[in-house]
């Protein structure tokens, strides 16, 4: 399934103007016997608010995610700041490590991050539909780096008897992506897709613009040091600038009185394709 075929992406980016996709989600839940209580209905209805109000789809490369993983738990000190800076933003993120067809939709409001975890599930006719499996609201409570960081979290399963062990990974992934996108020097390429649209009553089709998305890549450097010496690990630091802006910079691994050389965190293989 291409991005242009995914129902929730088509809904959010206005390719299916006449379709009420939140209602389609509710019909799917009724068809599988999942009760739509007040919390679930409110979570689904929130999608109306962000239709045609989303930043372009962000497709993360493997090297971009690797850079985030290498600084796991080091971004927690920036979570309050990034949510304040991106207040009112809505978007969609796709990671190469998500299962096939999985997207995370996010919305930032008043210091809280709301997430919808979408997966492709078969309906009664065995056709795949993009359905939210979990709705998550997270609010960071401090600027502590690492294990002591507190994050208030509300999780609403949208489908009965559904369990996923690593829901916190979705929260960390979106917050870390926002920090890097907003403050770090990153490599971005824009991809514009095309789609065919059949003309009703005629045996012709038109070529129209489809979903436009950004691919995020990283080429940050780290230091390779002599292992016989004490090494200070590489890390990101939020550096204020004189004009009131901030920039997330990579501080290389280093040690005193030792040699070092630069190396990429990860290189993409020659010709590797991160696009669907």
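The conditions of being in contact with a strand residue (DSSP E or B) (Cβ under 8 Å, 6 or more places away or on another chain), in a loop (DSSP other than H, G, I, E, B) and either on the phi < 0 side of the Ramachandran plot or surrounded by fewer than 16 Cβ atoms within 10 Å (Cβ to Cβ) (or both) are met by residue 99. A single member of 249, 207 is exposed (fewer than 10 other Cβ atoms within 10 Å of the Cβ), at pLDDT 70 or above and within 25 Å of residue 57 (Cα to Cα), and it is 207. Per the conditions (1) assigned to a strand (DSSP E or B); (2) touching a residue at least 24 places away in the same chain (Cβ under 8 Å); (3) closer than 22 Å to residue 43 by Cα, the sole criterion not satisfied by residue 59 is (3).
A quick yes/no check of all residues on (1) in contact with a strand residue (DSSP E or B) (Cβ under 7 Å, 6 or more places away or on another chain); (2) buried (at least 16 other Cβ atoms within 10 Å of the Cβ); (3) at pLDDT below 95:
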position: 17; (1), (2), (3): no, no, yes
position: 30; (1), (2), (3): no, no, no
position: 39; (1), (2), (3): yes, no, no
position: 43; (1), (2), (3): yes, yes, no
position: 52; (1), (2), (3): no, no, no
position: 83; (1), (2), (3): yes, yes, no
position: 119; (1), (2), (3): yes, yes, no
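Out of contact with any helix residue (DSSP H, G or I) (no Cβ under 8 Å at 6 or more places or on another chain), at pLDDT below 90 and either under 28 Å from residue 237 (Cβ atoms) or part of a helix (DSSP H, G or I) (or both): does that describe residue 69? The answer is yes for residue 69. Scanning segment 19-31 finds one or more residues that are under 23 Å from residue 197 (Cα atoms), assigned to a loop (DSSP other than H, G, I, E, B) and out of contact with any helix residue (DSSP H, G or I) (no Cβ under 7 Å at 6 or more places or on another chain). In the condition set (1) surrounded by 14 or more Cβ atoms within 10 Å (Cβ to Cβ); (2) farther than 24 Å from residue 176 by Cα; (3) at pLDDT below 75; (4) within 32 Å of the chain's Cα centre (by Cα), residue 195 is compliant with all but (3).
The values are calculated or read from the model by the stated rules, or taken from the named source; none is laboratory data. Bear in mind the structure is a predicted one, so any value in this text is a computation, not a measurement. Note: ideal-geometry Cβ built from the backbone for every residue, glycine included; neighbour counts use all protein chains shown.
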